[in-house]
Each structure stands twice: as C-alpha cells, then as structure tokens.
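To keep things clear, I will list the structure first and then write my remarks on it.
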Amino acid sequence: SVIINFTNITIMNGGNISGGNISIYAGNLTIESGAMIFTKELGYKNSTGPGKGTGDGTRGSGAAHGGKGGIGSYGAAGGTAYDSSIYPRDFGSGGGSSNIDANAVAGFGGGIVLFNIADIFNLTGSINSNGGDYGALAIREGGGSGGTIYANTRAFVGSGSFSAVSSYKLETVD
C-alpha cells in the first residue's frame, strides 16, 4: 500500500505514482498534464478474486467487478459482479484460465486508488486502474476487470482522465 498525506500535493509533468493500493489525503491535489497514477494490472491475479473469470477447459472468460464479466468465446460464464457501485473499495478480479497451457496466463485485475481531498482536486493528468489483457501466447484466456478509483472532494476541476475498465480483446473462433 502507498499512503500519502500532505496539506498540498502536486504531481508534476512526468511524475508518476505506481502501486496496487494507493490512498491520497490532502487539502488540495494537482495532477499535472503528463503525470500519472498507475495501478493497472495490480489487483487480483488471474483466476482469483470475488469476480474471477471461469474456464471451461478450452477457453477462459472475462472477470467482473462493478458489472458482469464477459462470456468466453466457447461459452465459459463470465465472472459475477461484486463491490459497491457508489462506494467501491475492492481490487479488480483476474480473468479465467482455460487450463490448457500452464504457461498461458489470463489477465490480472486493476488496483485501488482512493482520494480524500478536503478542497480542490485538479486533474489534467491521468489515473489508470485498468484490468489486463491475457498474454500474447494465451489467446484462450480471459481478461482482468478494472479496479477502483474513488474520489471524495469539495471541488473537482481539470480535463484529465480516470480509467478503470476491463481488458478487451477479440478472438476469432475456429
């Protein structure tokens, strides 16, 4: 876990904070253009977590978090939704494995980023808590679900980006 607690915080262009579980407490927070907070693929590992994808012996399915996970290309059931849609606090789950190839790895879930900013949160940079794709050699595996980004602040300004989405790849079925 990374916990940062200061009166005023500025993450400058080129700066980044990376970790699986990040909490920032401040009076004011500025994340400048070109700066990033990164928890992509730092949640639950493949085939783990409350919304883990499943495998049917031939293909894996997508993991869930705030919504149901995607069905595998041969019908493996997607993961079951969990966590609060209003006050999320959990990691993204791992995608389902086909169990065909021990070297093939399904996608990992996204991490957690929590903000408690007393006054102004100015975001022109980016925050990424996306789930991961399956590996290049793992075409039968499911993708990980997005993690959590939660912000509590008096005022939010800026044109930056928040992203906590599941991975997405298409596979051609033989």
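From the list 38, 6, which one is without any contact (Cβ under 8 Å) to a residue 40 or more places away in the chain and either of a type in the set (Lys, Arg) or open to solvent by 50 Å² or more (accessible area, probe 1.4 Å) (or both)? Give the steps one after another, and end with the answer.
Details: 38 fails: without any contact (Cβ under 8 Å) to a residue 40 or more places away in the chain.
The conditions single out 6.
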*asked:* Take the residues in the stretch 145-169 that are more than 18 Å from residue 68 (Cα to Cα) and in a loop (DSSP other than H, G, I, E, B); name whichever of them is least open to solvent (accessible area, probe 1.4 Å).
replied: 160
_Can you pull out every residue in the stretch 126-138 that is at pLDDT below 95 and open to solvent by 10 Å² or more (accessible area, probe 1.4 Å)?_
133, 134, 135, 136, 137
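Suppose the filter is surrounded by fewer than 20 Cβ atoms within 10 Å (Cβ to Cβ) and either acidic (Asp, Glu) or under 15 Å from residue 163 (Cα atoms) (or both); does residue 32 pass it?
Values: surrounded by fewer than 20 Cβ atoms within 10 Å (Cβ to Cβ): yes; either acidic (Asp, Glu) or under 15 Å from residue 163 (Cα atoms) (or both): yes.
Yes, satisfied.
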*Residue by residue through the stretch 84-125, note down the ones that are at pLDDT 95 or above, farther than 13 Å from residue 152 by Cα, over 18 Å from the mean Cα position of the chain (by Cα) and open to solvent by 10 Å² or more (accessible area, probe 1.4 Å).*
124
*Can you confirm whether the stretch 49-65 contains a residue that is at pLDDT 90 or above, in contact with a His (Cβ under 6 Å, 6 or more places away or on another chain), under 14 Å from residue 131 (Cβ atoms) and surrounded by 24 or more Cβ atoms within 10 Å (Cβ to Cβ)?*
yes
*residue 81 being of a type in the set (Gly, Ala, Ser), open to solvent by 40 Å² or more (accessible area, probe 1.4 Å), over 28 Å from residue 124 (Cα atoms) and modelled with pLDDT of 95 or more*: yes
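The values are calculated or read from the model by the stated rules, or taken from the named source; none is laboratory data. Owing to the predicted nature of the structure, the values given are computational and were not obtained by experimental measurement. Note: ideal-geometry Cβ built from the backbone for every residue, glycine included; neighbour counts use all protein chains shown. These area figures cover heavy atoms from the full protein model, side chains too; ligands, DNA and RNA do not enter into them. Shrake-Rupley method; radii C 1.70, N 1.55, O 1.52, S 1.80 Å.
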